[in-house]
Amino acid sequence: MEPVRISKLLAQQGLCSRREADSYIERGWVYVDGQQVNALGAKALPTQKITLNQAAQRSQQARVTILLHKPIGYVSGQAEHGYPPAVELISAATRHAADPHPQRFSPKQLKGLAPAGRLDIDSTGLLVLTQDGRIAKQLIGEHSTTDKEYLVRVEGQLSEADLARLNFGLSLDGKPLKRAQVRWQNDDQLHFVLREGKKRQIRRMCELVGLKVVGLKRVRIGRVRLGDLPVGQWRYLRDDEHF
């Protein structure tokens, strides 16, 4: 058995992201079999016990995760082509009045707050912004299995054969898509559940079967639902909520 970088082991065990792990190691917050580690690049065997001290745990607890009902016209990440980023909507004034979380909003919470997944400019619905690398890894990491649910209003005709292809059988960018769950929600709206998030994936899938998307809303990520959160408002992820 070969030694592995401790930062990689921490990330694999879900204790923190690799970037956070390097920061914790530099601060002396990481222990291997009870011995403090403070050298970047240090390695350990996968069988060894790796722990974080209380300072690291407090640092993680102070990080916030925000659920935003993104409106059309905002991009998920950095501003582009003159369109504002969704993070600009996060302020004390736009917090949902019914948010039960005891956390008080502070502009400091905007530092390092990044989207965990994309929602394109023409789409609305649930967008997760987080300071917590563990949550980002769970939602958008290479091995993420968190599913996302969408309501998609479409124009055009869809045969049973093409509905089956939407569920499984399409490819994008030369690669086959993972199996999806697609069914009719009503006469002009499809219900999608995906386990991956390629750029404009649903719109491109629909184009492949002759449909035009005229409205797209994400209503769930994992076990967390958009619910009655108003458009343009946000709330904190509750302590009892898990993706």
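Across the range 4-26, what is the number of residues that are at pLDDT below 90 and either more than 17 Å from GLY133 (Cα to Cα) or polar (S, T, N, Q) (or both)?
Qualifying residue count for the region: 4.
Say we look at the range 60-79 and pick out the residues that are of a type outside the set (A, V, I, L, M, F, W, C) and under 18 Å from ARG104 (Cβ atoms); which of these is modelled with the highest pLDDT? Full working, then the answer.
Going residue by residue through the range 60-79, those that are of a type outside the set (A, V, I, L, M, F, W, C) are 60-61, 63, 65, 69-71, 73-74, 76-78.
Now restrict to residues that are under 18 Å from ARG104 (Cβ atoms): 61, 63, 65.
Numbers: GLN61: 73, ARG63: 86, THR65: 96.
Among those residues, the one meeting the criterion is THR65.
Of everything in the range 165-183 that's within 16 Å of LEU211 (Cα to Cα) and in contact with a strand residue (DSSP E or B) (Cβ under 6 Å, 6 or more places away or on another chain), which residue is surrounded by the fewest Cβ atoms within 10 Å (Cβ to Cβ)?
The qualifying residue surrounded by the fewest Cβ atoms within 10 Å (Cβ to Cβ) is ARG183.
I need every pair where a residue in the range 131-150 that is farther than 22 Å from PHE192 by Cβ has its Cβ under 7 Å from the Cβ of a residue that is among the hydroxyl-bearing types (Ser, Thr, Tyr) and assigned to a strand (DSSP E or B), sequence separation at least 6 or different chains.
ASP132/THR65; ILE135/THR65; ALA136/THR130
Among the residues of the range 74-113, how many are touching a Pro at 6+ places or on another chain (Cβ under 6 Å), in contact (Cβ under 8 Å) with a residue 12 or more places away in the chain and of a type in the set (Gly, Ala, Ser)?
2
In the range 3-30, which residue that is free of Cβ contacts under 8 Å to residues at least 40 places away in the same chain and under 19 Å from THR47 (Cβ atoms) is surrounded by the fewest Cβ atoms within 10 Å (Cβ to Cβ)?
Taking the candidates together, the pick is GLN13.
Report yes if ILE90 is touching an Asp or Glu at 6+ places or on another chain (Cβ under 7 Å) and in the same structural domain as VAL231 (by TED's automatic domain parsing), otherwise no.
no
Taking into account only those residues within the range 69-89 that are among the hydrophobic types (A, V, I, L, M, F, W, C) and over 16 Å from GLY112 (Cα atoms), which is farthest from the chain's Cα centre (by Cα)?
ILE72
Inspect the range 42-52 for any residue being part of a strand (DSSP E or B), surrounded by 15 or more Cβ atoms within 10 Å (Cβ to Cβ) and among the small types (Gly, Ala, Ser) and give the result as yes or no.
Checking the range 42-52: at least one residue is part of a strand (DSSP E or B), surrounded by 15 or more Cβ atoms within 10 Å (Cβ to Cβ) and among the small types (Gly, Ala, Ser).
Here is a check on your reading of the model: is ALA93 surrounded by fewer than 15 Cβ atoms within 10 Å (Cβ to Cβ), in a loop (DSSP other than H, G, I, E, B) and modelled with pLDDT of 95 or more?
So ALA93 does not fit the description; no.
Name every residue in the range 99-130 that is within 23 Å of PHE192 (Cα to Cα) and more than 17 Å from the chain's Cα centre (by Cα), in order of residue number.
ASP122
Just name the residue that is surrounded by the fewest Cβ atoms within 10 Å (Cβ to Cβ) out of those in the range 61-85 that are touching an Asp or Glu at 6+ places or on another chain (Cβ under 7 Å) and closer than 18 Å to PRO102 by Cα. Before the answer, list the steps.
Kept after step one, since they are touching an Asp or Glu at 6+ places or on another chain (Cβ under 7 Å), are these residues of the range 61-85: 63, 65, 72.
So of that shortlist, the ones also closer than 18 Å to PRO102 by Cα come out as 63, 65.
Working: ARG63: 16, THR65: 21.
Step by step, filter the range 61-85, then rank; the result is ARG63.
How many residues does the range 96-119 hold that are surrounded by 15 or more Cβ atoms within 10 Å (Cβ to Cβ), out of contact with any strand residue (DSSP E or B) (no Cβ under 8 Å at 6 or more places or on another chain) and over 19 Å from ARG238 (Cα atoms)?
1
The values are calculated or read from the model by the stated rules, or taken from the named source; none is laboratory data. Bear in mind that the values here come from a model prediction, so they are computed numbers and not experimental data. Virtual Cβ from ideal backbone geometry, glycine too; neighbours counted across all protein chains shown.
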